[in-house]
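Take a look at the structure set out below.
The values are calculated or read from the model by the stated rules, or taken from the named source; none is laboratory data. Being a predicted model, the structure only gives us computed values, none of them experimental. We place every Cβ from the backbone using ideal geometry, glycine too, and count neighbours over all the protein chains shown. Accessible surface areas use protein heavy atoms only, side chains included; no ligands, DNA or RNA. Shrake-Rupley method; radii C 1.70, N 1.55, O 1.52, S 1.80 Å.
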Amino acid sequence: MIERPRDVYIVDAVRTPFGRYGGALSGVRPDDLAAGVLRALLDRSPDLDPARIDDVLFGNANGAGEENRDVARMAVLLAGLPVTVPGAAINRLCGSGMEAVIQAARAIALGDASVAVAGGVESMSRAPWVLPKPERAFPAKDQQLYSTTLGWRLINPQMPQEWTIPLGESAELVGAKYGITREAQDAFALASHRNAARAWSEGLYDGEVVPPSGVTLPRDENIRDTTSLEALAALKPAFLADGTITAGNASPLNDGAAALLLADEEGLAAIGREPLARVRAAAVTGIDPRYFGLGPVDAIRKVLTKAKVAPGDLRTVELNEAYAAQVLGCLAALPEIDPSVVNPRGGAIAIGHPLGASGARITGAVAHQLAAAGTGRGLAALCIGVGQALALVLER
């Protein structure tokens, strides 16, 4: 037993540029993406003996393809770490990468680890089709394949139908609940692209993004510098004929990986680097699956209360952009959050949303932004399909 929880520091955070579906990273296996960011993270801390790493946790939402044999352990081995370094795959769907960070931080706080790596990876391009086993041998009829790229499949018939609607239809419900117009969503999406493009052009991602091995991808592949409100307005609704959700105001399908190095005071001394930020508090909540996009509302309130941080004291907020309607709905429910500090360097609509990696990406983004500012408190939060949410407060 320990007398009090140990302080947990985020020493470093890296990610790949995020590739579009079928794009530059589609030829890279997810376990290789994970190994790449793990190797890059360690190369940036040459004084750290890799054998000191107590655990490696990687979030992954699929688990049905090339990452199926515990992608964290595969990354450890592929990255050339000592075989004594363990690894575990974590699945909380879209929150998997942040869940990995929270679990690693909890292990350090409790004294079960001193140095850990946490991150996430997803290749939505390489997500396989699956063929269920038939109920009986030698079926005479055709069998159905299911895509594992995104959303519901192989649904339990006991699950209420209203909980299993497509994610985009859920976002439509959020938009309707708060009267969020198509025009407001398109304007939000345009701002995401412009903020991301500006951040890249100003070099704000230079210390955060590492090149994927064997692939030339100079920046996030989905950013559209030249898009406009007129171009976004011309897109057709994607889920409902009279709906407001389009391919332009929703996050795309993506490939990518992210990883963070965490440590306590002893581990920090062994690494020999100044940390980016300290973990202050974490929270997880549940919500009606139909309104999964509003999950961050309660998670944010809960984590701010635990951290004893007022919303007005937040220097930066990373709220994952699954859909513009979803983020705007959360901000409508949280008027105390200043929209001007939300996703200042662009969000998932522009950058991308490779499911298992996104939670690690936004956590690392907050840490880097706090380090650049030199002081302050930041918040990372994201909604999760099937009605959950995670939130994390960092400080420097």
| Using only helices, what value at 222 nm comes out for the chain when you add -39,500 (n - 2.57) per DSSP H run of length 4 or more and divide by the total residues, to the nearest 500 deg cm²/dmol? | -9500 deg cm²/dmol
| field | Portion, in percent, of the accessible area of segment 311-396 that falls on carbon or sulfur, probe 1.4 Å | value | 51
| Which percent of the accessible area of segment 97-162 is formed by carbon and sulfur heavy atoms (probe 1.4 angstrom)? | 52
| Looking only at segment 116-139, which residues have a backbone nitrogen under 14 Å from a spot 7 Å from the Cα of SER26 in the C-beta direction? | 123-128
| task | Would you compute, for the Cα atoms of segment 292-396, the largest minus smallest coordinate along each principal axis and list the three values in descending order, in whole Å? | result | 35, 26, 21
| remark: With the dipole of the chain defined by +1 on each Lys or Arg Cβ and -1 on each Asp or Glu Cβ, the option from LEU262, THR285, TRP152 whose Cα lies farthest towards the positive pole is TRP152
| note | Of the listed links LYS177/LYS236; LYS133/LYS302; LYS133/LYS177, those spanning more than 31 angstrom between alpha carbons are LYS133/LYS302; LYS133/LYS177
| Accessible area in square angstrom per residue, segment 86-165, 1.4 angstrom probe | 57
| request: Leaving ligands, DNA and RNA out of it, work out the accessible area of GLU162 with a 1.4 Å probe and give it in Å² to the nearest 10. | output: 90
| Under the Debye formula (equal points on every Cα, no solvent term), log10 I(q)/I(0) of segment 226-285 at q = 0.28 Å⁻¹ | -1.17
| note | Output ordering of 385-391, 208-214 (per-residue mean of other Cβ within 10 Å, highest first) is 385-391, 208-214
| Once you put a point 7 Å from the Cα of LEU229 and another 7 Å from the Cα of LYS308, both along the Cβ direction, what distance in nm separates them? | 4.5
| query | Taking Cα pairs under 8 Å and at least six residues apart, what relative contact order does the chain come out at, in percent? | reply | 27
| task | Based on the mean of other Cβ atoms within 10 Å per residue, sort peptides 9-18, 290-299, 99-108, 273-282 so the most packed one is first. | result | 9-18, 99-108, 290-299, 273-282
| note | Output ordering of 243-256, 343-356 (per-residue mean of other Cβ within 10 Å, highest first) is 343-356, 243-256
| remark: Given Cβ charges of +1 for Lys and Arg and -1 for Asp and Glu, the option among ALA371, LEU78, MET98 whose Cα lies farthest towards the positive end of the dipole of the chain is MET98
| said: Students often get this wrong, so try it: which of [x] 31, 26, 21; [y] 34, 22, 20; [z] 33, 25, 22 is semi-axes √(5λ) of the Cα gyration tensor in Å as calculated from the structure shown? | reply: [x]
| request: With viscosity set to 1.306 mPa s and temperature to 10 °C, compute the Stokes-Einstein D of segment 69-195, Rh being the Kirkwood radius across alpha carbon pairs; µm²/s, no decimals. | output: 82
| Per residue, how much accessible area does segment 296-396 show when a 1.4 Å probe rolls over the protein heavy atoms, in square angstrom? | 26
| Over segment 201-319, relative contact order from alpha-carbon pairs under 8 Å, at least 6 apart, % | 11
| field | Share antiparallel - DSSP beta bridges, the chain, percent rounded to 5 | value | 70
| About the Cα centre of segment 249-362, what is the dipole size in debye to 20, counting +1 per Lys and Arg Cβ and -1 per Asp and Glu Cβ, all else neutral? | 140
| note | Carbon plus sulfur, as percent of the 1.4 Å-probe accessible area of segment 188-310, comes to 53
| query | If all Cα-Cα distances of segment 5-80 are sorted into 10 Å bins from 0 onward, what percent lands in each bin, rounded to whole numbers? | reply | 16, 47, 29, 7, 1
| query | Can you tell me the accessible area per residue over segment 169-236, all protein chains present, probe 1.4 angstrom, in square angstrom? | reply | 53
| task | Report, in whole Å, the centroid distance computed from the Cα atoms of segment 47-65 and segment 94-150. | result | 14
| field | All-pairs alpha carbon distance profile, segment 286-350, 10 Å steps from 0, percent | value | 21, 55, 23, 1
| query | How long is the gain from THR181 to SER213 if the chain were fully straight, where each residue apart is worth 0.36 nm and the alpha carbon distance is subtracted? | reply | 7.3 nm
| query | Assigning unit charges at the beta carbon (Lys, Arg +1; Asp, Glu -1) and nothing else, what dipole magnitude in debye, to the nearest 20, does the chain show about its Cα centre? | reply | 360
| message | Suppose we look only past 18 Å in the calculated P(r) of segment 322-381. What percent of the Cα-Cα pairs does that tail hold? | response | 38
| Measuring from label point to label point, each 7 Å out along Cα→Cβ, what is the VAL83 to ASP49 span in nm? | 2.0
| field | Solvent accessible area, Å² - ILE53, 1.4 Å probe, full protein context | value | 10
| segment 311-374 versus segment 158-224: alpha-carbon centroid distance in Å | 11
